[in-house]
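Chemist: Here it is: the structure, laid out below.
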Amino acid sequence: MVDEQKSPFDSHVFVCTNDRGGRAKSCADGNSQQTRARLKAEINKRDLKGRVRVSQCGCMGLCDKGPNVMIYPQKSWFPAATSEDAKDIIDRLETMLG
Ligand code: FES
């Protein structure tokens with residue numbers, strides 16, 4: 001039987017870093033690795049490490065709107081996100097977390 005546990009994080013920030021190498025639109029075209037790095041830096045700066053986890057992920061099926069950032073369990077979606085949006089995204093997450 002599978003072991004199910006409660007997530008240790010209040011939020012998980014998923015950054016699509018899928019890269020199709022220019023063959024078709026993908027979030028890596030918008031430098032989503034850099035966005036991921038800036039989001040992680042914001043989390044560390046605000047001492048949210050341990051509560052919030054930033055993870056790269058594969059395609060979310062919303063490529064035309066990318067680069068995409070999704071936050072769960074808050075179900076917030078940030079399309080066309082760039083590294084310059086990292087501060088604003090984490091500001092909003094902090095508001096959601098209360
Ligand atoms: S490549 Fe990022 S959502 Fe599809």
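Chemist: For the range 9-40: of the residues being free of Cβ contacts under 8 Å to residues at least 40 places away in the same chain and more than 10 Å from the ligand (Cβ to nearest atom), which is nearest to the chain's Cα centre (by Cα)?
Modeler: This residue is Arg36.
Chemist: Quick one: what pairs do we get from the range 53-72, first residue more than 10 Å from the ligand (Cβ to nearest atom), second part of a strand (DSSP E or B) and of a type in the set (S, T, N, Q), C-beta under 8 Å, 6+ apart or different chains?
Modeler: Here the result reads Arg53/Ser11; Ile71/Ser11; Tyr72/Ser11, each pair linking the range 53-72 to a residue that is part of a strand (DSSP E or B) and of a type in the set (S, T, N, Q).
Chemist: So which of Ser32, Ser83, Ser76 is of a type in the set (S, T, N, Q) and crowded, with 20+ Cβ neighbours inside 10 Å? Walk me through how you get there before you give the answer.
Modeler: Values: Ser83 fails: crowded, with 20+ Cβ neighbours inside 10 Å; Ser76 fails: crowded, with 20+ Cβ neighbours inside 10 Å.
It is Ser32.
No lab work stands behind these numbers, since they all come straight from the coordinates. Just so we're clear, the structure is a prediction, and the values are computed from it rather than from any experiment. No Cβ is skipped: glycine too gets one built from the backbone with ideal geometry, and neighbour counts run over all protein chains shown.
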